[in-house]
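Single-structure report; data block below.
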Amino acid sequence: MTPALAESILAFDFPEADAARIEELNVRANEGELTDEEEAELEAYININDLLAYWQSKARQILQQPA
């Protein structure tokens, strides 16, 4: 992974609309009101977030290495 790619990965975040949807789904989940479709949608967001966190961790490691 190049430093430029690492910087790009670290800059990535969910778009505002997706972040709002995740928050909405989390609230509904905490209230026990998720439909099966919403539960699957939230699980997909969680999986994507986990994958992003993994790659951002790798990107930080790359950027901490001496040049």
With label points set 7 Å from each Cα along the Cα-to-Cβ direction at A20 and E38, the distance between them in nm comes to 1.7
What angle, in degrees between 0 and 90 and rounded to the nearest 10, separates the Cα long axis of helix 16-30 from the longest principal axis of the Cα atoms of the chain?
50
Under the helix-only model (-39500 (n - 2.57) for each DSSP H run of 4 or more, divided by the residues of the chain), the mean residue ellipticity at 222 nm, to 500 deg cm²/dmol, is -26500 deg cm²/dmol
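Between the DSSP loop rule and a limit of at most 16 other Cβ atoms within 10 Å, which chymotrypsin sites (Phe, Trp or Tyr not before Pro) in the chain are left? Numbers along the way, then the final one.
Details: sites: F12, Y45, Y54, W55; in loops: F12.
Sites meeting the loop and neighbour criteria: F12.
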Size of electric dipole in region 3-64: Cβ of Lys, Arg +1 and of Asp, Glu -1, about Cα centre, debye, nearest 20
640
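Mind listing which GluC sites (Glu not before Pro) in the chain are in a DSSP loop and have 10 or fewer other Cβ atoms within 10 Å? Don't jump to the answer; show the numbers that get you there.
Values: sites: E7, E16, E23, E24, E31, E33, E37, E38, E39, E41, E43; in loops: E31, E33.
In loop regions of the chain (DSSP not H, G, I, E or B), the sparsely surrounded GluC sites (Glu not before Pro) are E31, E33.
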Find which of Q61, N30, N47 sits farthest along the positive direction of the dipole of the chain, computed with +1 on the beta-carbon of Lys and Arg, -1 on that of Asp and Glu, about the Cα centre.
Q61
Where only alpha carbons of the chain are counted, the Rg and the Dmax (Å)
15.5, 51
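Quick note: the coordinates plus some simple rules give every number you see, no bench work behind them. Bear in mind that the values here come from a model prediction, so they are computed numbers and not experimental data. Because the Cβ atoms are built from the backbone with ideal geometry, glycine has one as well, and the counts that use them run over all protein chains shown.
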